[in-house]
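Computed from the coordinates by the stated procedures, all read-outs in this text should not be read as laboratory data. Treat the numbers as computed from the prediction; the structure is a model and nothing was measured. Cβ: placed from backbone, ideal geometry, glycine included. Neighbour counts: every protein chain shown.
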Amino acid sequence: MGEISWQDFEKVDIRVGTVLSTQDFPEARSPAYILTVDFGDEIGVKKSSAQITDFYDKGDLIGKQVLGVVNFPPKQVGPIMSECLVLGFYRKDNSVILAIPDGEIANGSRLL
């Protein structure tokens, strides 16, 4: 992968948000949930399709803080408009582990 400049990195707006609700997403090509995430007053509440069903139950996600890219354009994913990208890491088996803050932090806080 090629190098990017600091200015390129600064264009990616990664914020902390709290999962408010989850629902199954049976129309997705791969197993997924629809997450509703509160990114604080400045950004607001956004929806995301997230393929995180291998390690996370819907109920366990409520109240969990996650990291998300909030300045991508909305993307149509089946019947929903995904408004942010919740971040995670692929494991060797292609399951996803969420990227989460190490401690509680205010919704909307930006990754440096």
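Here are a few things to note about the model shown:
- Applying the criterion of being of a type in the set (Ser, Thr, Tyr) and without any contact (Cβ under 8 Å) to a residue 24 or more places away in the chain to the residues of the range 2-44, the residue that is nearest to SER109 (Cα to Cα) is THR36.
This table checks each residue for (1) within 13 Å of the chain's Cα centre (by Cα); (2) among the acidic types (Asp, Glu).
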| position | (1), (2) |
| --- | --- |
| ASP60 | no, yes |
| LEU67 | yes, no |
| VAL70 | yes, no |
| GLY78 | no, no |
| SER82 | yes, no |
| PHE89 | yes, no |
| ASN94 | no, no |
| ILE100 | yes, no |
| GLU104 | no, yes |
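- Note on the range 85-112: among residues that are in a loop (DSSP other than H, G, I, E, B) and touching a helix residue (DSSP H, G or I) at 6+ places or on another chain (Cβ under 9 Å), the one that is surrounded by the fewest Cβ atoms within 10 Å (Cβ to Cβ) is ALA106.
- Members of the range 70-84 that are in a loop (DSSP other than H, G, I, E, B) and not aliphatic (A, V, I, L, M): ASN71, PHE72, PRO73, PRO74, GLY78, PRO79, GLU83, CYS84
- Options THR36, THR22: the member that is among the polar types (S, T, N, Q), in a strand (DSSP E or B) and in contact with a helix residue (DSSP H, G or I) (Cβ under 7 Å, 6 or more places away or on another chain): THR22
- Flag for LYS11 being loosely packed, with under 14 Cβ neighbours inside 10 Å, of a type in the set (Lys, Arg) and out of contact with any helix residue (DSSP H, G or I) (no Cβ under 8 Å at 6 or more places or on another chain): yes
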